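Inspection log for the structure reproduced underneath, given as structure tokens.
The values are calculated or read from the model by the stated rules, or taken from the named source; none is laboratory data. This one's a predicted model, so the numbers in the text were calculated from it and none came from an experiment. All Cβ positions, even for glycine, are placed from backbone atoms using ideal geometry, and neighbour counts span all protein chains on display.
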Amino acid sequence: MSIYLIRHAQSEFNAAYGKIMRDPMIFDAPLSDLGITQAVEVRDEVERLNLKNVIVSPLTRTLETAELIFQRSLPTKVNALVREQLSHSGDVGTHPDILAKNWAHLDFSHLEDHWWHKGDGGKNGITVEPLISLEQRAAEFVAFAKQMKLHSTAIVTHGNFIRALTGVQPDNCQVLKLEI
């Protein structure tokens, strides 16, 4: 079963972090101008994959990336298993009701109100998700993919999640094939 992992395009968080080398405190950041360009530029590559479905993380940067690449041309499901490992403000999610207003064509009703990693406190009120938790989610996703017999599916996700699945730390909008 071939599925394709696509890391989101550059977000405003990524752009700011790269300049100041610390958390810029941009929660659930949208794409930067460069990110918008990256997502549009990868369309041709992705189109050649003959995909049938899309699974997307509920973080804004992945939702925007999927929308720009696929332009609502494929059935798309939101799945919190493929979210980013919580380690900075940009990894804190948005309430499903707000997401549903911004992306009315997608179903967020299955998400908990607080669907991202839960924990107490931490720096700036952000609790870092332990690596073991990320690895468990990656294993859960693989089991889900096998159970659902996923094929010809794009997974629009995040760098740390892709690394947990493949051992590769991808660039923004990099596409990696994963055989399940």
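Okay, here's what the table says:
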quantity: Criterion (of a type in the set (Asp, Glu) and touching a residue at least 40 places away in the same chain (Cβ under 8 Å)) met by exactly one of Asp171, Asp113, Asp120; calculated: Asp171
quantity: Count of residues meeting criterion [under 16 Å from His88 (Cβ atoms) and free of Cβ contacts under 8 Å to residues at least 40 places away in the same chain] in the stretch 1-42; calculated: 10
quantity: Pick from the stretch 149-168, criterion in a loop (DSSP other than H, G, I, E, B) and touching a residue at least 60 places away in the same chain (Cβ under 8 Å), ranking: surrounded by the fewest Cβ atoms within 10 Å (Cβ to Cβ); calculated: Lys149
quantity: Whichever residue in the stretch 78-135 is in a loop (DSSP other than H, G, I, E, B), out of contact with any strand residue (DSSP E or B) (no Cβ under 9 Å at 6 or more places or on another chain) and hydrophobic (A, V, I, L, M, F, W, C) and, among such residues, is modelled with the lowest pLDDT; calculated: Val128
quantity: Out of Glu112, Glu140, Glu129, sole residue that is buried (at least 20 other Cβ atoms within 10 Å of the Cβ), over 24 Å from Ser73 (Cα atoms) and of a type outside the set (Val, Ile, Thr); calculated: Glu129
quantity: Some residue of the stretch 43-66 being more than 22 Å from Leu178 (Cβ to Cβ) and surrounded by fewer than 18 Cβ atoms within 10 Å (Cβ to Cβ); calculated: no
quantity: Selection count, the stretch 43-61, where residues are of a type outside the set (D, E, K, R) and either within 13 Å of Gln174 (Cα to Cα) or without any contact (Cβ under 8 Å) to a residue 24 or more places away in the chain (or both); calculated: 1
